[in-house]
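Undergrad: Quick one: the structure is below, questions incoming.
A short reminder: the numbers here are calculations on the coordinates, not readings from a lab. Being a predicted model, the structure only gives us computed values, none of them experimental. Note that we place each Cβ from the backbone using ideal geometry, even for glycine, and neighbour counts take in every protein chain shown.
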Amino acid sequence: MKVLVTGSAGHLGEALARTLRARGDAVVGLDILPSPYTTHVGSLGDRAVVRRCLAGVSTVYHAATLHKPHVATHSRQDFVDTNVTGTLNLLEEAVEAGVGAVVFTSTTSVFGDALVPPAGAPAAWVTEDVIPIPKNIYGVTKAAAEDLCQLFHRRFGLPVIVLRTSRFFPEPDDSRAVRERYADANVKANEFLFRRLDIEDAVSAHLLAAKRARDIGFGRYIVSATTPFTPGDLAELRHDAPAVVRRLVPQVEAVYEARGWRMFAAIDRVYVNARARQDLGWRPRHDFAAVVARLAGGGDVLSPLARAVGAKGYHAEAFAEGPYPVE
């Protein structure tokens with residue numbers, strides 16, 4: 001099978017290309033940056049490049065994007081050009097090329113301010129039914145691109161699956177306070193409870209989405225590690241998250257104590273992946289309990305694929321205030 005991976009020099013793009021090549025697919029990799037997994041260096045804004053990349057392609061994995069870390073360094077127009085116009089170009093050319101399925105990598109950032117409960121309220125239980133309230137140009141443009149995907153399914157019958165991925169990047173947290181209070185691996189382990197995704201599970205979700213796209217037609221799915229929490233835990237999570245975690249995953253105490261780690265004092269949102277598991281048949285392997293068990297055996301927080309892909313960075317330059325500037 002011949003497939004196109006956009007953003008092939010990025011975290012997810014490389015992980016997809018690695019996995020697809022390993023299973024025997026012919027992978028066309030498109031990115032503005034050269035890499036071992038990029039076969040075509042070019043922009044989604046260049047229709048001729050997009051058209052060439054789509055020749056003979058049956059499935060598109062559209063991972064290319066400007067990310068949240070670019071909000072403070074790129075203009076709003078840059079975001080529109082890449083995330084909206086680039087996606088439009090790709091969808092229009094995909095229809096012309098007779099592509100069978102498109103998987104669009106979106107983000108839980110589209111939910112924006114809908115993720116922040118008022119003071120004193122329980123943590124937010126975030127499903128696909130939560131109405132997005134994007135809070136920056138990144139969220140706005142990803143939401144617009146999602147709607148373009150839905151339009152092209154309705155207008156042209158193009159099968160498109162949108163995956164709203166939670167954080168799978170290996171870079172340090174952008175919050176100085178978090179970086180100073182917690183070890184980086186501690187932060188990532190904690191996040192598997194409610195808002196982190198191992199890149200191995202991100203890849204498996206994309207492959208299943210491509211396989212199911214023709215039957216589903218169009219769908220939006222949250223893709224995040226399976227949480228141990230239930231709606232009944234939400235009030236306590238907001239003021240005493242460690243107590244909830246100890247009750248649900250009791251082995252965490254010994255594992256964290258051995259490393260001098262701590263649980264976050266409070267958790268304000270929980271991403272729910274039930275619909276992706278049901279509709280796509282997705283079975284993510286890396287949840288919090290699995291991470292704790294791996295740590296107990298002397299293993300790493302991240303999967304072998306996540307470690308192989310490694311950290312990419314989002315900018316050519318370094319920033320004194322953190323891994324990237326915050327708007």
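Undergrad: Of TYR256, TYR61, how do they rank once you tally other Cβ atoms within 10 Å and put the fewest first?
TA: In order of increasing Cβ crowding within 10 Å: TYR256, TYR61.
Undergrad: Sticking with this one: Once you charge only the Cβ atoms, +1 for Lys and Arg and -1 for Asp and Glu, what is the size of the charge dipole of the chain about its Cα centre, to the nearest 20 debye? Intermediate values should be presented prior to the final figure.
TA: Numbers: 38 positive and 36 negative charges, 143 e Å.
Taking the Cα centre of the chain as origin, the dipole is about 680 debye.
Undergrad: Report the label-to-label distance for ARG259 and HIS239 in nanometres (one decimal), using points 7 Å from each Cα along the Cα→Cβ vector.
TA: Those two pseudo-labels are separated by 3.0 nm.
Undergrad: Output wanted: per-residue J couplings in Hz (rounded whole) for region 49-61, from phi through Karplus 6.51 cos²θ - 1.76 cosθ + 1.60, θ = phi - 60°, x for Gly and Pro.
TA: 5, 4, 4, 4, 5, 8, 4, x, 7, 9, 9, 10, 10
Undergrad: While we're looking at this one, here's another question. Summarise the long-distance tail of P(r) for region 42-127 by giving the % of C-alpha pairs beyond 19 Å.
TA: The share of Cα pairs beyond 19 Å in region 42-127 comes to 51 percent.
Undergrad: Residue by residue, what Karplus-based ³J(HN,Hα) values in Hz, rounded to whole numbers, does region 146-155 have, using 6.51, -1.76 and 1.60 with θ = phi - 60° and x for Gly and Pro?
TA: So the J values, rounded to whole Hz, are 4, 5, 4, 4, 5, 4, 6, 5, 5, 7.
Undergrad: Taking the beta-carbon count within 10 Å as an exposure proxy, list LEU234, LEU12 from fewest neighbours to most.
TA: On the way: LEU234 20, LEU12 26.
In order of increasing Cβ crowding within 10 Å: LEU234, LEU12.
Undergrad: Report ³J(HN,Hα) in whole Hz for each residue of region 189-206, in order, from the Karplus equation J = 6.51 cos²θ - 1.76 cosθ + 1.60 where θ = phi - 60°; Gly and Pro get x.
TA: Whole-Hz 3J(HN,Hα) from phi for region 189-206: 4, 4, 5, 5, 6, 8, 7, 10, 9, 6, 5, 4, 6, 4, 5, 4, 5, 5.
Undergrad: A follow-up question, please. Would you order LEU302, LEU151, LEU197 from fewest to most other beta-carbon atoms within 10 Å of each residue's own beta-carbon? The partial results should precede the final answer.
TA: Values: LEU302 22, LEU151 15, LEU197 27.
Neighbour counts put them in this order, fewest first: LEU151, LEU302, LEU197.
Undergrad: Leaving out same-chain residues fewer than 8 places away, which lysines sit with a Cα under 26 Å from that of LYS211?
TA: Filter leaves LYS2, LYS142.
Undergrad: Going 7 Å from the Cα of THR230 toward and past its Cβ, which residues in region 167-194 have a backbone nitrogen under 20 Å from where you end up?
TA: 193-194
Undergrad: Under the classification rounded if a/c is under 1.5, otherwise prolate if a/b is larger than b/c and oblate if not, where does region 168-303 fall, given a ≥ b ≥ c as square roots of the Cα gyration tensor eigenvalues?
TA: Here region 168-303 falls in the prolate category.
Undergrad: Can I ask one more? Quick one: if you stick a label point 7 Å off each Cα along the C-beta vector at ASN136 and ARG155, how many nm between them?
TA: 3.0
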